[in-house]
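Asks: Here it is, the structure in full.
The values are calculated or read from the model by the stated rules, or taken from the named source; none is laboratory data. Small disclaimer: the values here were computed from a predicted structure and weren't measured. Neighbour counts are summed over all protein chains in view; Cβ atoms, including those assigned to glycine, are modelled from backbone coordinates with ideal geometry.
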Amino acid sequence: MSGRLTSRDIRSESRLVVVRSLLAAGESTRGELAEATGLSLGTVSTIVQDLLKHGIVAETGLLSTGIGRPTTGLRLNADRGRVVGVYVEDRYLEATVFDAALGELATVEATSDESVAEADEVIDWIVRTLDTVLERAQAKREDVFGIGILLPGGMQRPVKAATTPDAIWLHLDRLRDTLGLPVVVDNPLKAIATAELWLGAGRRVANVVAVSLGFGVGAGIIQNGAVVRGATNAAGEWGHSLLVFDGRRCQCERKGCVEAYVGIPGIRRTLAEIAPGHPLAEGVDLVAAPAEGPEGFDLVAALADAAKDGDRAAVATIERSAHYLGAALADIVAILNPEVIALKGWAGWPVWRERVAPIVRRRVLDDSPGDAAADLAIELSPTCGMEGIAAIALERFMRDLGLVTTRVIPAL
Ligand SMILES: [Zn+2]
């Protein structure tokens, strides 16, 4: 892609700005949109005209602004259709229905006792869950203009094992044919970046990194107001950047990755190193890659409780994890120099604010080059990946109507 912006690019970026501004305001006027976006009234009017023509935006009647004559109110047209976000894991499936203004209508979670690995089974499972969630949202399949599926990995991901996500990668065309609906697939890091761009810190500033902290960790990157994808959609795999040379073995088989230290299994491994006999660290293998323990996400809460009760190993584990996180975030600052780092996942745990945040902030300030982090805000993110994949499906729908909103389009 060349670095030069064409007038078509500028129009599509302005269109995204207008749509996001309407989403934030709920209801607005052309004049207010021009003021909020910094675009000229003429540009806003042209964009709004296109959006009205295709039913993406609806008029809400005359609004009195107190000065001059009343002007026409505008809002995103929630009833334009329905969009569904789907998250697929080996034994877990979640589907959420949104209206066309990204308002959540219904959600369904489904679990399976056995690993669902056969493509037919996976597709069948998705279709059944989709029908259930649509019924709950009182919507029909023909109302759906887009289905967004969250799948880990890059777009050209090499298939290593027959896990559920891989089975879908191999059979996307069958899934599309079976559903008979537009399907867009993207990885969770691009979804959290898009959610942050549309609904989070990306509304206020142009350079944001949304950091996801769960079993795995990764970063959704917004740079100069656009989601960064990279050559193969693999940008943001910060969890597999190096924190410790020749350090712990990671799930990806490399040694010393960030994820092996700040992913939840990595935190448990830290506890096992600090206090080998600790009940919460039972069964940890100090040689293999950190693996999920029996407590799963509960480990975070259990460690917090133990720390509150004065368990010194728990306190030390939380503090060391905060240092690992801060050091790894400083690398993000060194490379991307964001205005905001928006944290998700275990950063929201109860001890975060009191024990983790001050250490992370100090560490990021100390380890970042020069004054790169001087004005950096580190905050908790209010958005989720499901909203992001719904926004990506909405953008895809708009693109199919000729209303491109981003310069870089998802490959699938
Ligand atoms: Zn790794």
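Asks: For region 257-270, check the following and say yes or no: at least one residue is assigned to a loop (DSSP other than H, G, I, E, B), over 29 Å from Ala195 (Cα atoms) and either without any contact (Cβ under 8 Å) to a residue 24 or more places away in the chain or not assigned by TED's automatic domain parsing to the domain that holds Arg320 (or both).
Replies: no
Asks: Quick one: is Arg136 outside the structural domain of Ser21 (by TED's automatic domain parsing) and surrounded by fewer than 19 Cβ atoms within 10 Å (Cβ to Cβ)?
Replies: Against the criterion (outside the structural domain of Ser21 (by TED's automatic domain parsing) and surrounded by fewer than 19 Cβ atoms within 10 Å (Cβ to Cβ)), Arg136 qualifies.
Asks: If you don't mind, there's one more thing I want to ask. Give the number of residues within region 223-251 that are within 8 Å of the ligand (Cβ to nearest atom) and free of Cβ contacts under 8 Å to residues at least 24 places away in the same chain.
Replies: Here the count works out to 1.
Asks: Go through region 172-230 and report how many residues are small (Gly, Ala, Ser), buried (at least 24 other Cβ atoms within 10 Å of the Cβ) and assigned to a loop (DSSP other than H, G, I, E, B).
Replies: 1
Asks: Under the condition of being within 17 Å of Glu237 (Cα to Cα) and in a strand (DSSP E or B), which residue from region 331-380 is modelled with the lowest pLDDT?
Replies: Gly345
Asks: On to the next question. So Ala328 passes all but one of these: (1) outside any helix (DSSP H, G or I); (2) closer than 28 Å to Ala193 by Cβ; (3) within 16 Å of the ligand (Cβ to nearest atom); (4) among the hydrophobic types (A, V, I, L, M, F, W, C). Which condition number does it fail?
Replies: (1)
Asks: Restricted to region 235-249, and to residues that are in a loop (DSSP other than H, G, I, E, B) and among the small types (Gly, Ala, Ser), which residue is modelled with the lowest pLDDT?
Replies: Ala235
Asks: I've got another one for you. With the condition kept exactly as written, say whether any residue in region 235-249 is over 29 Å from Asp367 (Cα atoms) and among the aliphatic types (A, V, I, L, M).
Replies: For region 235-249, residues over 29 Å from Asp367 (Cα atoms) and among the aliphatic types (A, V, I, L, M): absent.
Asks: Return the only residue of Ala377, Ala330, Ala347 being surrounded by fewer than 19 Cβ atoms within 10 Å (Cβ to Cβ) and within 22 Å of the chain's Cα centre (by Cα).
Replies: Answer to the check: Ala377.
Asks: Right, next: Out of (1) modelled with pLDDT under 95; (2) within 16 Å of the ligand (Cβ to nearest atom); (3) within 25 Å of Trp349 (Cα to Cα), what's the single condition that is false for Gly202?
Replies: Checking Gly202 against (1) modelled with pLDDT under 95; (2) within 16 Å of the ligand (Cβ to nearest atom); (3) within 25 Å of Trp349 (Cα to Cα), the one that fails is (2).
Asks: Same structure again: Considering only residues of region 271-302 that are without any contact (Cβ under 8 Å) to a residue 24 or more places away in the chain, in a helix (DSSP H, G or I) and not small (Gly, Ala, Ser), which is nearest to the ligand (Cβ to nearest atom)?
Replies: Going through the qualifying residues, I end up with Glu273.
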